[in-house]
Amino acid sequence: MTPRNLLAAAFVAVATFTASAADPVVGGAPMSPTKDIVDNASASKDHTTLVAAVKAAGLVDTLKGKGPFTVFAPTNAAFSALPAGTVDGLLKPEKKADLTKVLTYHVLAGKFAAADVVKAIKDGNGTASFNTVAGVKLTAKLEGDKVKLTDSKGGTATVTIADVNQSNGVIHVIDKVLLP
């Protein structure tokens, strides 16, 4: 892709990626930028598995903290797409460390709005790497006008709702669970 085409694609992606920024509704619930990540996620009927996992991992206080954080939030459908027994296995007390690593792989320290992610992709000549709180890199690139994330195992997720602003960061809803 030529630099000019990449720049054009980046502008289209920013426009698409940020289209949901004004008081988005996620999982049937309005998301309030005055509430924290946990409170907003708890209101979304599409994120009940994520919220249960955050509670089981003991990350509620962290994600209610000052932050800022960027959370790539998988939907219930994303968790359901994992192999049978994966979620139930991770929710067991003896798997808390594994669950914590999976969840923190979806979190970046700092607030990365859609425009920041797309700019990083553009600046990286089509690819950007982000250090997650889990200590494992996550790669982002544009596929058409969509931001695609690739995990360390080669799995991909697409951002379906971007820039769900929170009092302590931002959530970008994704369609797959990323694995470190």
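The values are calculated or read from the model by the stated rules, or taken from the named source; none is laboratory data. Every value quoted in this text rests on a predicted model; they were computed, and no experiment measured them. Using ideal geometry, Cβ is built from the backbone for each residue, glycine included, and neighbour counts are taken over all protein chains shown.
Pick from 81, 57, 157: which is among the aliphatic types (A, V, I, L, M) and loosely packed, with under 14 Cβ neighbours inside 10 Å? Lay out the reasoning, then the answer.
Working: 57 fails: loosely packed, with under 14 Cβ neighbours inside 10 Å; 157 fails: loosely packed, with under 14 Cβ neighbours inside 10 Å.
Selected residue: 81, the only one of 81, 57, 157 that is among the aliphatic types (A, V, I, L, M) and loosely packed, with under 14 Cβ neighbours inside 10 Å.
Looking at region 77-99, can you tell me whether even one residue there is among the aromatic types (Phe, Trp, Tyr) and under 21 Å from residue 42 (Cβ atoms)? Give the derivation first.
So in region 77-99, the residues among the aromatic types (Phe, Trp, Tyr) come out as 79.
Now restrict to residues that are under 21 Å from residue 42 (Cβ atoms): 79.
Scanning region 77-99 turns up at least one residue that is among the aromatic types (Phe, Trp, Tyr) and under 21 Å from residue 42 (Cβ atoms).
Given the options 49, 62, 70, name the one that is crowded, with 16+ Cβ neighbours inside 10 Å, part of a strand (DSSP E or B) and among the polar types (S, T, N, Q).
Details: 49 fails: part of a strand (DSSP E or B); 62 fails: part of a strand (DSSP E or B).
Matching residue, one of 49, 62, 70: 70.
Among the residues of region 1-27, which ones are assigned to a loop (DSSP other than H, G, I, E, B) and modelled with pLDDT under 50?
Initially, region 1-27 is screened for residues assigned to a loop (DSSP other than H, G, I, E, B), giving 1-2, 18-24, 27.
Of everything in region 1-27, those that are assigned to a loop (DSSP other than H, G, I, E, B) and modelled with pLDDT under 50 turn out to be 1, 2, 18, 19, 20, 21.
Filter region 28-46 for residues that are assigned to a loop (DSSP other than H, G, I, E, B) and surrounded by fewer than 19 Cβ atoms within 10 Å (Cβ to Cβ) and give the result.
Correct list: 28, 32, 33, 34, 35, 45.
List every residue pair whose Cβ atoms lie under 6 Å apart, where the two residues are 6 or more positions apart in sequence or sit on different chains, the first residue falls within region 113-128 and is within 18 Å of residue 69 (Cα to Cα), and the second residue, located anywhere, is assigned to a loop (DSSP other than H, G, I, E, B).
Qualifying pairs under 6 Å: 114/18.
Could you tell me whether region 106-120 includes any residue that is at pLDDT below 95, in a loop (DSSP other than H, G, I, E, B) and surrounded by fewer than 22 Cβ atoms within 10 Å (Cβ to Cβ)?
Scanning region 106-120, I find no residue that is at pLDDT below 95, in a loop (DSSP other than H, G, I, E, B) and surrounded by fewer than 22 Cβ atoms within 10 Å (Cβ to Cβ), so the answer is no.
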